[in-house]
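The values are calculated or read from the model by the stated rules, or taken from the named source; none is laboratory data. Predicted model only: the values in this text are computed from it and were never measured. Here Cβ is always computed from backbone atoms with ideal geometry, including for glycine, and neighbour counts include all displayed protein chains.
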Amino acid sequence: MAAVSEDIEYTSRTTDQEVDTVAICPSHPDYMIIGTYSLLKKDEPSDYTGQTRRGSLQIMTVMSTFKPRYAGMLPPSLDRVDFPCAVLDIHFHPSDSTLLGVATSNATVHFFRFIVHGDVLGRRVITKLLPLGSVVVAENDEHGLVPLVTQFTWFPEARSHGVVGISDVTDVGFAATTSFGDARVVTLAVPSIKDLYDERAHQPVQQLAPSSNEVVHKHELEAWTVAVIDFGATSADENRNSTSRVILSGGDDSALIASTVSPTAIAAYPSASTSASLSSCDAASLDVMPLWKDRRSHTAGVVAILPLSPVTVRNGNGVQNRKDIVPLVTGSYDEFIRLFEIDTKTYRAGFRTKLRLDGGVWRLKVLDQYSVPSQEGQGQKSQHHTLILASLMHAGAAIIRITRTTAVSGSSPGDSWTITPVTTFRGSHESMVYCCDARLDTGSANGSSQRSQIQEGGEQARGESPAKVAPEYTIVSTSFYDMKICTWKFADDFKIQHQ
């Protein structure tokens with residue numbers, strides 16, 4: 001494990017509740033949403049009999065201090081939504097970047113529209129979390145125990161239909177895990193409210209009925225993490241017309257489980273519907289097929305699953321030794337990050353390598369992926385790098401590099417994988433780091449700067465190539481019991497040096 005970087009500058013702030021999830025808005029990267037999870041103390045007032053948790057959604061600026069962009073600009077108005085339950089997971093939709101999903105401890109996923117607008121005088125930015133409705137993911141057990149929705153992940157597609165601003169809805173779907181051990185697939189229609197001018201924005205919020213809600217597979221203990229892979233979109237085989245969506249989940253039983261669900265069932269939304277509530281007769285039945293269950297690879301609970309972009313790998317020389325795979329990264333309580341290869345034809349997972357990170361690997365997020373050429377002796381090789389942000393519980397936050405090395409020529413036995421810690425950050429964190437997020441500030445995928453290359457004091461000379469700038473990220477990391485949020489920077493100098 002890499003040594004803790006003591007020279008990283010950071011700022012910190014303290015919240016009023018324990019933070020366990022965070023998401024920077026892709027459309028408004030100056031702002032982030034935090035979700036909180038607090039156990040109710042005995043002497044605290046409760047919202048209902050038997051309440052044990054409370055939580056909130058809070059909009060915050062990514063930077064800890066406000067810097068006005070023009071004279072007279074006032075600090076932004078930051079919205080907050082309190083819940084009589086805990087918030088466990090939040091994500092913006094990949095195809096609708098201001099649609100926010102929120103998983104809670106009362107078996108429900110809530111939906112919000114994140115709205116940013118100016119006040120009448122144009123001096124203050126106003127933020128709003130507009131509620132769109134909620135859906136119950138799982139029912140109580142026979143003893144009345146309410147399951148927690150521990151994590152969810154959106155399906156990439158979103159389809160809108162209906163009369164815009166009056167009855168239009170967006171068909172969405174997601175996979176979720178629960179504290180009962182379930183991995184589920186839920187599809188539903190969410191009101192397509194985009195702004196406060198929509199008359200539905202001022203009507204009472206309704207509970208939404210799912211078009212489908214099915215158990216895909218089940219763990220023996222609590223399920224903590226879920227991921228989705230669309231193999232129809234990953235296979236390089238042009239002759240393969242069929243598509244399959246694979247649901248992977250991990251749990252406290254140390255198991256990594258995979259099942260397929262039919263893509264036709266997932267897309268089977270009632271196209272004629274103009275209501276966000278769908279009756280039971282509209283429900284679609286999923287075609288589920290179990291694939292495999294791996295209980296040997298992890299020695300403790302599986303709590304993070306991260307599929308990477310598909311690649312073609314070599315197992316030796318010759319075309320017949322090439323195959324298409326999806327790299328899969330997992331995190332576990334046993335403090336190891338592991339890498340598997342999932343064959344896009346058989347869907348089987350093969351273990352490739354692992355590295356101990358000195359802390360439970362709770363969350364993983366891809367920052368960047370790129371290829372660089374390299375020279376090693378007389379054999380020319382190319383390398384593909386994946387940069388990952390990891391939340392490591394009591395070990396803080398870390399930047400991890402996963403490298404796939406491919407021989408361009410020679411008698412190499414095949415592709416090889418390595419996992420390398422780049423930097424570790426603890427800052428003022430004094431307890432478990434459960435979540436981090438990042439935004440790209442400078443540098444693009446090809447290494448060029450996203451900002452103007454004109455330097456102070458003069459213009460760039462004609463015909464002169466702009467100087468390459470290392471991709472720089474602003475990272476927010478949070479710790480639970482001490483309620484700390486740290487903001488710090490990371491620059492990927494390696495990318496510029498090797499491209």
note = All conditions in (1) surrounded by 18 or more Cβ atoms within 10 Å (Cβ to Cβ); (2) assigned to a loop (DSSP other than H, G, I, E, B) are true of Pro26 except (1)
request  = Name the residue, out of Val185, Val116, that is touching a His at 6+ places or on another chain (Cβ under 7 Å) and under 30 Å from Tyr434 (Cα atoms).
outcome  = Val116
query = What are the pairs, 6+ residues apart or on separate chains, where a residue within segment 116-144 that is on the phi > 0 side of the Ramachandran plot and modelled with pLDDT of 95 or more has its Cβ under 9 Å from a residue that is in a loop (DSSP other than H, G, I, E, B) and among the basic types (Lys, Arg)?
reply = none
remark   = All-but-one check, Thr11 against (1) assigned to a loop (DSSP other than H, G, I, E, B); (2) closer than 22 Å to Leu440 by Cα, failing number (1)
query = List the pairs whose first member sits in segment 11-28 and is more than 22 Å from Thr104 (Cβ to Cβ), whose second member is hydrophobic (A, V, I, L, M, F, W, C) and not in a strand (DSSP E or B), and whose Cβ atoms are under 7 Å apart, counting only residues at least 6 apart or on separate chains?
reply = Thr14/Met483
request  = Please indicate, with yes or no, whether at least one residue in segment 143-166 is more than 20 Å from the chain's Cα centre (by Cα) and under 16 Å from Glu214 (Cβ atoms).
outcome  = yes
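Residues checked against (1) modelled with pLDDT of 65 or more; (2) part of a strand (DSSP E or B); (3) among the polar types (S, T, N, Q):
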| site | (1), (2), (3) |
| --- | --- |
| Ile400 | yes, yes, no |
| Thr406 | yes, yes, yes |
| Trp417 | yes, yes, no |
| Ile454 | no, no, no |
| Gln460 | no, no, yes |
Subset of segment 165-191 [in contact with a Leu (Cβ under 9 Å, 6 or more places away or on another chain) and free of Cβ contacts under 8 Å to residues at least 60 places away in the same chain] = Ser179, Phe180
task = Could you check, for segment 187-203, whether at least one of its residues is over 27 Å from Thr36 (Cβ atoms) and in contact with a helix residue (DSSP H, G or I) (Cβ under 7 Å, 6 or more places away or on another chain)?
result = yes
task = Determine, yes or no, whether Val329 is under 28 Å from Ser477 (Cα atoms) and either free of Cβ contacts under 8 Å to residues at least 24 places away in the same chain or surrounded by 21 or more Cβ atoms within 10 Å (Cβ to Cβ) (or both).
result = yes
request  = Please identify the pairs in which a residue from segment 480-494 that is at pLDDT 95 or above and of a type in the set (Gly, Ala, Ser) has its Cβ atom under 8 Å from the Cβ atom of a residue that is surrounded by fewer than 20 Cβ atoms within 10 Å (Cβ to Cβ) and not in a strand (DSSP E or B), counting only partners at least 6 apart or on another chain.
outcome  = Ala491/Ala470
ask   = Where residues in segment 419-443 are surrounded by fewer than 17 Cβ atoms within 10 Å (Cβ to Cβ) and more than 24 Å from Ile496 (Cβ to Cβ), which of them is modelled with the lowest pLDDT?
value = Ser428
request  = Give the residue that is surrounded by the fewest Cβ atoms within 10 Å (Cβ to Cβ), with candidates limited to residues of segment 29-51 that are of a type in the set (A, V, I, L, M) and under 25 Å from Ser95 (Cα atoms).
outcome  = Met32
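One line per residue, one yes/no per condition, for (1) modelled with pLDDT under 95; (2) within 21 Å of Cys436 (Cα to Cα):
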{"site": "Tyr10", "(1), (2)": "no, yes"}
{"site": "Pro26", "(1), (2)": "no, yes"}
{"site": "Asp43", "(1), (2)": "yes, no"}
{"site": "Asp47", "(1), (2)": "yes, no"}
{"site": "Gln51", "(1), (2)": "yes, no"}
{"site": "Arg54", "(1), (2)": "no, no"}
{"site": "Phe66", "(1), (2)": "yes, yes"}
{"site": "Arg80", "(1), (2)": "no, yes"}
{"site": "Ser97", "(1), (2)": "no, yes"}
query = Being surrounded by fewer than 22 Cβ atoms within 10 Å (Cβ to Cβ), without any contact (Cβ under 8 Å) to a residue 60 or more places away in the chain, assigned to a strand (DSSP E or B) and not acidic (Asp, Glu), is that true of even one residue in segment 299-313?
reply = no
task = Assess whether Lys194 counts as being among the basic types (Lys, Arg), over 13 Å from Val109 (Cα atoms) and in contact with a Gly (Cβ under 6 Å, 6 or more places away or on another chain).
result = no
key: Options Ser249, Ser254: the member that is in a loop (DSSP other than H, G, I, E, B), modelled with pLDDT of 95 or more, surrounded by 19 or more Cβ atoms within 10 Å (Cβ to Cβ) and hydroxyl-bearing (Ser, Thr, Tyr)   = Ser254
Residue match in segment 225-246 (condition: loosely packed, with under 13 Cβ neighbours inside 10 Å and at pLDDT 55 or above) = yes
